[in-house]
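This report concerns only the one structure given below.
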Amino acid sequence: SISSVNAPPVEVIDTRENPPQFADVPKPADTQVKIESRAGGLRIEIPPAGLRKESKGLFTFGVIWCTCTALFTFFAIRSRRETQAAIPYVFLGIFWLVGLALTATALNVSRRRATLLIESGGLSLTQISLFGTSQREWRRGDIAAVRADTSGMEVNHRPVIELQIHPVTGKKAGFFAGRDADELRWIATELRKALAVPAKAG
């Protein structure tokens, strides 16, 4: 008699839904990011992503929080007028600060824009947001790897991807958490090509 052996199941991974974490990827069709090749370098312009794409519901949550706090404040004041009871002003103030901070953070994240510039000396990143301008610089020889990887945060049980610059020594620097993951993987791809560095050091 011929015995049959059941083959182990093979998991089929759709790379469109689960792109390789450290692989080079092509330009997304709907991206607004502009990449310009220059003599000896590269210029990447990253426009604001908007509330819907980048705040990940933070703005909506902040508005709901402020609305609920406003209702609570209204009923607390009304209660004091009728009963002369003490109002927990400190707690109301804390709730207002949290709600306004959430809303301001969402607005800042949605309106930030950035420029990545690769020249002979290395890589520079300039970010402009509602709260001002910040800049970071790395020399070419100090960059060990560039990739889009998990930021450590999750939204709806899904990891939030960020663009990461891994130096030869020291801690990684993460940017643009919350933007489209495929867009960040494409930006990382172009940076690796221009800098001649891998996605994973070693």
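Observations, loosely collected:
- Ranked packing of 27-40, 173-186, 117-130, 137-150, most packed first, by mean Cβ within 10 Å: 173-186, 137-150, 117-130, 27-40
- Note on exposure: ARG112, ARG78, ARG43 ranked by accessible area (1.4 Å probe, complete protein assembly) read ARG78, ARG43, ARG112, with the most exposed listed first.
- Anisotropy class of the stretch 93-202 from Cα gyration tensor, a/c 1.5 cut: prolate
- Of the residues LEU97, LEU42, the one with the largest accessible area comes first in the ranking LEU97, LEU42, computed with a 1.4 Å probe on protein heavy atoms.
- Under a 5 Å amide H cut-off, with hydrogens placed 1.01 Å from N, VAL160 pairs with SER151, GLY152, MET153, GLU154, VAL155 among residues at least 5 apart or on other chains.
- Note, ³J(HN,Hα) from phi for the stretch 37-49, Karplus 6.51, -1.76, 1.60, rounded to Hz, x at Gly and Pro: 6, 10, 4, x, x, 7, 10, 10, 9, 10, x, x, 8
- Alpha-carbon centroids, the stretch 110-124 and the stretch 137-202: separation in whole Å: 13
- Gyration tensor verdict on the stretch 105-159 (Cα atoms; rounded if a/c is under 1.5, prolate if a/b is larger than b/c, oblate otherwise): oblate
- Using a probe radius of 1.4 angstrom, the carbon and sulfur fraction of the accessible surface of the stretch 123-202 is 48%.
The values are calculated or read from the model by the stated rules, or taken from the named source; none is laboratory data. Every value quoted in this text rests on a predicted model; they were computed, and no experiment measured them. Note: ideal-geometry Cβ built from the backbone for every residue, glycine included; neighbour counts use all protein chains shown. Ligands, DNA and RNA are excluded from the accessible area calculation, which covers all protein heavy atoms including side chains. Shrake-Rupley method; radii C 1.70, N 1.55, O 1.52, S 1.80 Å.
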